[in-house]
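Just so it is clear, none of the values below were taken in a lab; they were calculated from the coordinates. Keep in mind that this is a model prediction, so the values were computed, not measured. Positions of Cβ are backbone-derived with ideal geometry, glycine not excepted, and every protein chain shown enters the neighbour counts.
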Amino acid sequence: MHLRNAKIVKKDDMPCFMCIFAADMKYIVNCPMKDRHTFGIDVMADLLVEFSSEYELRKVLDSLNRPALVMGAGSNLLFLGDYHGTVLHSKIDGIVLESEDDSSVTVKVGSGVIWDDFVAYCVERGWWGVENLTAIPGEVGASAVQNIGAYGAEAADTIVRVRTLSLADGTVRTFESFECNYGYRSSVFKHELKGQYVVTYVYFKLYKAENPNIEYGSLKQLIKELGTPSLTNIRQAVRMVRESKLPDPKELGNAGSFFMNPVIPLKLYERIQSEYPDIPSYPAGDGLCKVPAGWLIERCGWKGRSLGAAAVHDRQALVLVNRGGATGQEIKNLADAVINDVRSKFGVSLIAEVNYIS
Ligand code: EPU
């Protein structure tokens, strides 16, 4: 660990065992993670390092000799126990206008920028593209890894480039959008190259001309009530829809959708539909369709049910919640029970969208 010029903070200010600043970097030994991820599981990490630039990250990587977990706001992960390694958290800030023409802008955004602050910034400037992704918890770096999505839009629609540092040797590698292999809630960073690169900046292209994307049912209705489909009205409507269905992690620990919506063969869909004519579906390519995991889970009777301190949310069955004091293992046990029931009843295998950390 490079700690030259390190300053040890006053004992009273220490949130945990030991907290050390080196330049702008912050090292926290035996770091409590409860308030650093949205599930609110009470676990510790051996070491947490916050870096504010690529230079600082490279310095950290030089001295890294144990497993590392790259983490944003922790809105899509579940700790199964204490983390015996180094957690790396980007505090790289800034939104910089890279280029502009009559119809669009391209901005370079630090991976530590809060996602919703970035959305607010775009909406204030009249730039279209990310407004449907209002109020998604998390940071910009993670948006490029998870390919976050909601209400008919996903991050990949606007991402043009992702700048990263290799965890192995600290070299810069920039991925053009097509190299990120974006798909539904997936990317090359989540699969083929998992754990190999740290995102430092994401470049987004946004548009100046009005381009409302409001086909999602309740959004359309709400926008009608608010008046015109302006950027501010879309932002407000999305916020209202989310608040009506999704629990606020500050009040009830959760990580949004716990499962991905499964893509199943049309034949299986038709079999289920013959018994449950109201099953919703969305097209998903040749011979396939996507069905809402929330619908399947609710039909298995899990909506609102608990297993210990873990529960299935009572307004959106896709979301698992920590009712207070749950362990990661308790949440996983609930997830496994849900997966088993959905498999036995419908023959569909649910896959967690949340990343398990052990
Ligand atoms: N449904 C039920 N019961 C439930 C939940 C949903 O029957 O408990 C049915 C609804 O009636 C509706 C359908 O399932 O017909 C779809 O529900 P919803 O519109 O709430 O969306 P979703 O498919 O359940 C996905 C995303 C959400 C995103 C919404 C809106 C995934 C895994 N989840 O949920 O993303 O907000 O669409 O676009 O794709 C997140 O990723 O954290 C997240 C919340």
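Some values worked out for this structure:
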item: Cross-link pairs 26/108; 190/290; 190/220; 208/303 - those with Cα-Cα distance over 30 Å; result: 190/220; 208/303
item: The chain: relative contact order as a whole-number percent, Cα under 8 Å and 6+ apart; result: 15
item: Under Karplus coefficients 6.51, -1.76 and 1.60, residue-wise ³J(HN,Hα) of the stretch 281-286 in Hz, glycine/proline x; result: 7, 10, x, 9, x, 3
item: Long-range amide H partners of residue 160 with built H, under 5 Å; result: 203, 204, 205
item: Column: log10 I(q)/I(0), Debye, Cα scatterers of the stretch 206-358, q = 0.09, 0.13, 0.19 Å⁻¹; result: -0.36, -0.72, -1.16
item: For the chain, size of Cβ-based charge dipole, Lys and Arg +1, Asp and Glu -1, in debye; result: 600
item: Neighbour-count order for 37, 84, fewest beta carbons within 10 angstrom listed first; result: 84, 37
item: Kyte-Doolittle at least -1.0, axis length at least 18 Å by Cα - qualifying DSSP helices, the chain; result: 231-245, 328-346
item: In sequence order, calculated HN-Hα J values of the stretch 65-82 (Karplus, 6.51, -1.76, 1.60; Hz; x Gly/Pro); result: 10, 8, x, 10, 10, 8, 10, x, 7, x, 9, 9, 9, 10, 7, 8, x, 4
item: GluC sites (Glu not before Pro), loop per DSSP, at most 12 other Cβ atoms within 10 Å - longest free stretch of the chain; result: 1-191
item: 18 Å Cα-Cα reach of residue 91 towards aspartates and glutamates, excluding residues that sit fewer than 8 places from it in its own chain; result: 24, 35, 50, 54, 56, 116, 117, 139
item: Using alpha carbons only: equivalent-ellipsoid semi-axes of the stretch 145-184, gyration tensor based, whole Å; result: 23, 10, 7
item: Convex hull per residue volume in Å³, alpha carbons only, for the stretch 180-243; result: 140
item: Cα-Cα separations in the stretch 208-282 greater than 18 Å, expressed as whole percent; result: 61
item: Rel. contact order, % - alpha carbon contacts under 8 angstrom, at least six apart, the stretch 221-312; result: 18
item: Overall dimensions of the stretch 84-190 by Cα: Rg and Dmax, Å; result: 14.0, 51
item: For the chain, convex hull volume per residue from C-alpha positions, Å³; result: 148
item: By average C-beta atoms within 10 angstrom, highest first, the peptides 333-344, 38-49; result: 38-49, 333-344
item: Cα-projected label distance for residue 349 with residue 63, points at 7 Å along beta-carbon direction, nm; result: 4.4
item: Principal axis dimensions, the stretch 15-152 - Cα atoms, whole angstrom, descending; result: 52, 32, 23
item: Helix-derived mean residue ellipticity, 222 nm - over the chain, DSSP H n ≥ 4, -39500 (n - 2.57), to 500; result: -7500 deg cm²/dmol
item: With eigenvalues of the C-alpha gyration tensor scaled by 5 and rooted, the stretch 131-238, Å; result: 31, 13, 11
item: Estimated distance in nm for a label pair at residue 184 and residue 314, the labels positioned 7 Å out from Cα along Cα-to-Cβ; result: 3.0
item: Cut-off under 5 Å, modelled amide H: who pairs with residue 128 long-range; result: 207, 208
